Amino acid sequence: MRSPYRLHERSSFFKYMPLSTAEIVLQNASLRWSSPLIFNDPFDVPREVIPDVNEHDISRALAQKILLELKNPRPDTSQLNSGIRYLLEFYKNYFPFGLPEELIKKQTELILNPPVGEGAKDALTGFRNYWDNTLRDRRLLCLSESPVITSMWNHYADSYKGIVLEFSCLDEFDSAWLLAKPVKYTDKKPLTYTAEGMAELFFMDEEIVKNYINEDITYIKTLDWQYEKEWRVSTHQRPLQEGLYSDLTFNIHELKTIILGPMFDMDKLPAINELSEKYPLVSVSSATITRSGLIEIIPLSAN
């Protein structure tokens with residue numbers, strides 16, 4: 001039966017790691033889920049929001065966007081914030097033939113000297129603190145859709161000496177990775193980086209903003225990393241836990257394959273075989289580099 005938590009059609013995912021990490025994972029049947037604050041790419045999930053932007057910058061950008069919307073009314077305002085929607089609909093109905101020049105002039109003056117509410121600075125500080133706390137609480141597990149990515153073996157599996165673990169997406173066990181979502185690779189900065197972007201967020205419906213902050217920018221990464229073919233699973237820090245990572249257990253039936261790296265020390269294989277005995281469905285394979293420089297997976301044994 002298909003799990004109600006399944007968000008994709010994949011049957012498995014892969015996790016690259018050094019041998020020392022693999023031994024811990026196999027011993028404890030657990031994986032480390034990390035806060036984005038300790039990711040290796042500082043541009044991977046924004047560490048801070050609206051850096052070098054103050055309340056005056058945002059007010060100016062908001063006034064400019066309002067003027068643009070008033071001069072060029074959109075036909076559908078259903079996806080907008082209710083307050084913004086009311087404002088735009090009011091002007092649209094009151095001035096069906098377009099804004100008078102006098103009103104345009106007044107709105108332009110607001111761009112040059114934007115009004116800033118008394119609590120705007122505190123609100124901005126509060127939003128930054130909220131984002132920092134969100135990142136500290138967030139736990140992400142990063143997986144790949146492929147075990148044959150040469151650069152991944154080099155960077156994450158101890159220069160080909162490590163291991164890749166394949167985890168099955170089992171509906172009967174509601175596997176955590178049924179909730180995995182693909183990373184979107186882009187060099188476009190998130191809206192939370194600029195005053196103009198924040199003005200865009202202020203225009204959006206509240207639920208859309210929540211989804212953007214909690215979901216969309218959790219699954220983005222710069223184009224430099226697209227070779228990783230990464231997927232992510234998101235959860236939160238467990239009660240009473242501290243630090244920036246959580247070691248969460250998985251079901252022993254979910255481990256499908258242990259893949260030894262092309263430069264794996266085969267003297268370590270007996271220890272890996274012993275650790276694998278607790279996993280009833282696992283098999284062991286070896287990754288080799290072909291003459292054409294590609295990675296090929298060759299089965300060694302199966303339970």
Does region 31-39 contain at least one residue that is touching a strand residue (DSSP E or B) at 6+ places or on another chain (Cβ under 8 Å), surrounded by 15 or more Cβ atoms within 10 Å (Cβ to Cβ), small (Gly, Ala, Ser) and outside any loop (DSSP other than H, G, I, E, B)? yes
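Only one residue in Asp174, Asp187 is closer than 22 Å to Val49 by Cα, among the acidic types (Asp, Glu) and touching a residue at least 24 places away in the same chain (Cβ under 8 Å). Which one? Don't jump to the end; show me each part of the working.
Details: Asp174 fails: closer than 22 Å to Val49 by Cα.
Just one listed residue meets the conditions, Asp187.
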Across region 207-240, the tally of residues that are at pLDDT 85 or above, of a type outside the set (Phe, Trp, Tyr) and over 15 Å from the mean Cα position of the chain (by Cα) stands at 7
How about region 12-70: which of its residues are under 19 Å from the mean Cα position of the chain (by Cα) and of a type in the set (Asp, Glu)? Asp41, Asp44, Glu48
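If the requirement is being in the same structural domain as Tyr245 (by TED's automatic domain parsing) and within 30 Å of Ile50 (Cα to Cα), which of these qualifies: Cys142, Cys169? Quick ask: steps written out before the conclusion?
Working: Cys169 fails: within 30 Å of Ile50 (Cα to Cα).
Within the list Cys142, Cys169, the selection yields Cys142.
Could you tell me which residue of region 252-281 is nearest to the chain's Cα centre (by Cα), considering only residues that are assigned to a loop (DSSP other than H, G, I, E, B) and closer than 14 Å to Ile163 by Cα?
Here is the first cut: in region 252-281, the residues assigned to a loop (DSSP other than H, G, I, E, B) are 261-265, 277-281.
Now narrow it down to the ones that are closer than 14 Å to Ile163 by Cα: 261-265.
On the way: Gly261: 27, Pro262: 30, Met263: 31, Phe264: 31, Asp265: 34 Å.
Among those residues, the one meeting the criterion is Gly261.
The values are calculated or read from the model by the stated rules, or taken from the named source; none is laboratory data. Values in this document were obtained by computation on a predicted structure and should not be read as measured data. Here the Cβ is made from the backbone with ideal geometry for all residues, glycine too, and neighbour counts use every protein chain on show.
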